[in-house]
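Each value in this text was obtained by applying a stated rule to the coordinates, not by laboratory testing. For clarity, every value in this text was computed on a predicted model and none was experimentally measured. Ideal geometry is used to build each Cβ from the backbone, glycine not excepted, and the neighbour counts take in all protein chains shown.
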Amino acid sequence: MIPKIANSSNIRTILKGRIPGQVIIQYTNSCNATCPQCSMRKTEPLNRVKLEETEVRKIIESAARQKIQALSFTGGEPFLYQEQLISLIQYASDLGIPYIRTGTNGFMFANTESNNYVDKIERFAERLSRTNLRNFWISIDSSDPKTHEEMRGLKGVISGIEKALPIFHQYGIYPAANLGINRYTGGKDKIPYAMADKDEFYDAFKTAFEGFYEFVINLGFTMVNACYPMSFGGDGSSSMKAVYGAVSDSDLITFTKEEKIQLFRALMDTIPTYRSKIRIFTPLVSLYSLIQQFGGKDNFSYPCRGGIDFFYINAKDGNTYPCGYRGDETMGKFIDLDVAALRSKPFCKACDWECFRDPSELIGYVIHSLHNPIRYLTNGSKDSLYRHLWKEDIKYYELCEYFDGRKAMKTT
Ligand code: SF4
Ligand code: SF4
């Protein structure tokens, strides 16, 4: 989530060296899918829990009082508790939180052959449309329907999504396809681990991303996001103790540093071709910075605002963490947290969680430039490609109305 920068309240926040706040609430760790790249899949012997609704309401109240801009409900599969979830989204809407987001693995879109399928989806879309939910994501892992459905263990969801999207659009909801980048992104042929030839690896992912964007456009999506791989292995993040189970040591999402460079390059080179065809959240400048980081330039990217402006609330203990991955650093209950009083400086670059890294990069540059205007004006703070990409990203974000999922895509 990247909020509109040029909004008076956000400008005030940024002038203080802070970034508009974001809270991710893991409502439950229960799930009905089998994704091999996730430690919350239904086959894992996990203690399944859900936050109490009253507790979440208090978190929402505290977030609204502290002017948190973005609130996301995640899982597990949060729509296993559809009634409660929609009521919480409504509550956050009533309290005026501007960027409310949630998503699903799409299980409710299966069984298109049932007689009441259209009625069921219409009712669902209509209920969501009564709230201020801004973004609704549906996870898609592969441009090959069969591969996606086998990975998720959810048969028939792709044709269901295709059928459901026009219904959502009628109700003024424009869902985003949410790709968790993996070795099956491009279809049924797995991109092998540690390919010797880096150009071959780059080409394989470039083709995969192109195929994926074509696929989701043809399904009827008008918005798409890419989650960078969250493996705890080859990317050097294995020392972290994740509390958020959306990680795994599966080779599907484990990439060497060199592979990550090529993967981010491939995505960065693919996005410009598709930006006029589908709204793509992924900022080019963030990919560029990650490429520099993995290439050894440790100080190039801006550090993550996890634990300073962004927070993760864990379903298992209801505690707040700097993010889903720094599980050794509990910050206690969110309702006891005074976000404005937090004084720590951003430092962390331990993972590539795009929810936190992308806005940290885009807005980090603004903060840095405001606090170092001479370096900015003399072009000394970043290289020219960085500055060019940053400007292009902001122009694109403006054009896409900061990815307002309640508006149709502009065609010009
Ligand atoms: S990625 Fe999502 S849908 Fe898949 S197993 Fe994990 S929580 Fe469930
Ligand atoms: S980079 Fe951000 S999301 Fe990743 S571990 Fe550090 S604080 Fe957490």
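Laid out as a table, the results:
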{"read-out": "Residue pairs, from the table 190/277; 146/190; 42/155, whose Cα atoms sit over 20 Å apart", "value": "190/277"}
{"read-out": "Ellipsoid equivalent to the chain - semi-axes via the Cα gyration tensor, in Å", "value": "29, 26, 22"}
{"read-out": "Spin-label model distance (nm) - residue 398 vs residue 197, 7 Å beyond Cα toward Cβ", "value": "4.4 nm"}
{"read-out": "For the range 322-328, 3J(HN,Hα) per residue [Karplus equation, 6.51 cos²θ - 1.76 cosθ + 1.60, θ = phi - 60°, Hz, x = Gly/Pro]", "value": "x, 5, x, 10, 9, x, 8"}
{"read-out": "Three semi-axes of the equivalent ellipsoid, the range 116-188, Cα gyration tensor, whole Å, largest first", "value": "25, 14, 8"}
{"read-out": "Scaled radius of gyration (Cα, divided by 2.2 N^0.38 Å) that the range 49-172 gives", "value": "1.12"}
{"read-out": "Charge sum, other residues only, whose C-beta stays under 13 Å from residue 50's C-beta, Lys/Arg counted +1 and Asp/Glu -1", "value": "-4"}
{"read-out": "Estimated translational D of the range 1-86 in µm²/s (Stokes, Kirkwood radius over Cα pairs; 20 °C; 1.002 mPa s)", "value": "144 µm²/s"}
{"read-out": "Paired Rg and Dmax values of the range 310-412, which use every Cα atom, in angstrom", "value": "17.4, 49"}
{"read-out": "Residue order, fewest to most surrounding Cβ atoms within 10 angstrom, among 81, 312, 228", "value": "81, 228, 312"}
{"read-out": "The range 131-191-the range 256-278 distance, computed between alpha-carbon centres (Å)", "value": "19 Å"}
{"read-out": "Listed residue (102, 209, 165) projecting farthest to the positive dipole end of the chain, Cβ model", "value": "102"}
{"read-out": "Rel. contact order, % - alpha carbon contacts under 8 angstrom, at least six apart, the chain", "value": "18 percent"}
{"read-out": "Summed side-chain charge close to residue 346 - residues other than residue 346 whose Cβ falls under 12 Å, Lys, Arg +1, Asp, Glu -1", "value": "+4"}
{"read-out": "Proportion of all alpha-carbon pairs of the range 284-328 beyond 14 Å (%)", "value": "58 percent"}
{"read-out": "Most to least packed among 349-361, 315-327, 387-399, 107-119 [average Cβ atoms within 10 Å]", "value": "349-361, 315-327, 387-399, 107-119"}
{"read-out": "Quotient of C-alpha Rg and 2.2 N^0.38 Å, computed over the range 147-212", "value": "1.40"}
{"read-out": "Top of 43, 102, 185 by mean-square fluctuation, Gaussian network on the chain, Cα under 10 Å", "value": "43"}
{"read-out": "Computed magnitude of the charge dipole of the chain (debye, nearest 20; Cβ of K, R +1, Cβ of D, E -1)", "value": "1180 debye"}
